[in-house]
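The values are calculated or read from the model by the stated rules, or taken from the named source; none is laboratory data. Not measured: the values here are computed from a predicted model. Here the Cβ positions follow ideal geometry from the backbone for every residue, glycine too, while neighbour counts run over all protein chains shown.
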Amino acid sequence: MAAGNDLTDSLFKKIAKYVYDVCGINLTERKRELVSTRIGKVIRQKKLAGFQEYYDYLINDQTGEAVAELMNAISTNLTSFFREPKHFDFLKSDILPELVEKARKTGDHHLRGWSAGCSTGAEAYTIAMTLANSIPEIFSWNARILATDIDTNVMDTGSRGVYNMDMLKQIPPLMAKKFLQRSKDGANFRVKAQLRNLVKFKYLNLIEPFPLKGKFDFIFCRNVMIYFDRPTQQNLIDKFSAFLKPGGYLFIGHSEGLSAVEHNLKYVRPTIYQKK
């Protein structure tokens, strides 16, 4: 039997519950074909008989390999440089001048940003390019961008900072010249080491307690909450709020909003909120 043909209603519900319990992603019936296709690929790679054998493998695995494969399979990793550019415009025009002025007055050159659900790192490096282009002395600051995801494969890409040339067209030419270098064969480009050093990639499951120290000047969590149900969204916003500095900002995706959850954040403009 071909992998996917034995994905019964019962097995789909069991896998969906397992995913929800592990990472909070809500796999509704509309995601059934996605589950069939992506996990079917794992089944073929593992040479398993079908979804029942896969589910048995998943729940009995003690190494952590099976759940990592599952998270990598079901994660959606649509990303690009300078995606939803108004957010980076706001970062440049409103947030960074505030931080520069604060640093001038207090001598505190500490800056922390977070790209939550970072995928292959395009968002995190876009933040880093915006910082470095706006604050030339940023490399002498105590500045870091945390980039987290549940998919270990995409984080490996982010850590290397190597991307195909198709993604180069999304980056303003002057920034590309300043912060990127082409491979010798011209097939790829790589983020330069100085900029890569601003970004730290780390595995993080957003529904688990955050093992983080300190608070953030801004958090980007865009197009992630759409995969969660309302209780999970509420829990996530509560945690983000707790990890924002007073006056810090939260950016969410263009198709998301906070009207359905309780929060102590001030609406600034669509998809941008500030901690009071």
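Taking the stretch 244-265 as the search range and keeping residues that are among the hydroxyl-bearing types (Ser, Thr, Tyr) and at pLDDT below 95, which one is surrounded by the fewest Cβ atoms within 10 Å (Cβ to Cβ)?
Selected residue: 259.
So, residue 104, is that one in a helix (DSSP H, G or I), outside the structural domain of residue 232 (by TED's automatic domain parsing) and modelled with pLDDT of 90 or more or not?
no
Out of all the residues in the stretch 71-101, which are farther than 18 Å from residue 275 by Cα, outside any loop (DSSP other than H, G, I, E, B) and of a type in the set (A, V, I, L, M, F, W, C)?
Matches in the stretch 71-101: 71, 73, 74, 88, 100.
I'm trying to understand the selection: among the residues of the stretch 155-190, which are closer than 23 Å to residue 23 by Cα and either surrounded by fewer than 20 Cβ atoms within 10 Å (Cβ to Cβ) or not hydrophobic (A, V, I, L, M, F, W, C) (or both)?
Answer for the stretch 155-190, where residues must be closer than 23 Å to residue 23 by Cα and either surrounded by fewer than 20 Cβ atoms within 10 Å (Cβ to Cβ) or not hydrophobic (A, V, I, L, M, F, W, C) (or both): 156, 157, 158, 159.
Take residue 119 and tell me if it is within 27 Å of residue 229 (Cβ to Cβ) and in a strand (DSSP E or B).
No; evaluated as a whole, the condition is false for this residue.
Looking only at residues that are part of a helix (DSSP H, G or I) and under 25 Å from residue 148 (Cβ atoms) in the stretch 50-70, which one is modelled with the highest pLDDT?
The extreme case among them is 58.
Please give the number of the condition residue 51 fails out of (1) buried (at least 17 other Cβ atoms within 10 Å of the Cβ); (2) outside the structural domain of residue 127 (by TED's automatic domain parsing); (3) over 29 Å from residue 223 (Cβ atoms).
(3)
So, of the residues in the stretch 10-43 that are among the hydrophobic types (A, V, I, L, M, F, W, C), within 19 Å of residue 232 (Cβ to Cβ) and without any contact (Cβ under 8 Å) to a residue 40 or more places away in the chain, which turns out to be surrounded by the most Cβ atoms within 10 Å (Cβ to Cβ)?
Per the criteria, the residue is 35.
Checking the structure you have, find out if any residue of the stretch 194-202 is in the same structural domain as residue 153 (by TED's automatic domain parsing) and more than 19 Å from the chain's Cα centre (by Cα). Don't jump to the end; show me each part of the working.
We begin by selecting, within the stretch 194-202, every residue in the same structural domain as residue 153 (by TED's automatic domain parsing); these are 194-202.
Now narrow it down to the ones that are more than 19 Å from the chain's Cα centre (by Cα): 194.
Looking through the stretch 194-202, at least one residue is in the same structural domain as residue 153 (by TED's automatic domain parsing) and more than 19 Å from the chain's Cα centre (by Cα).
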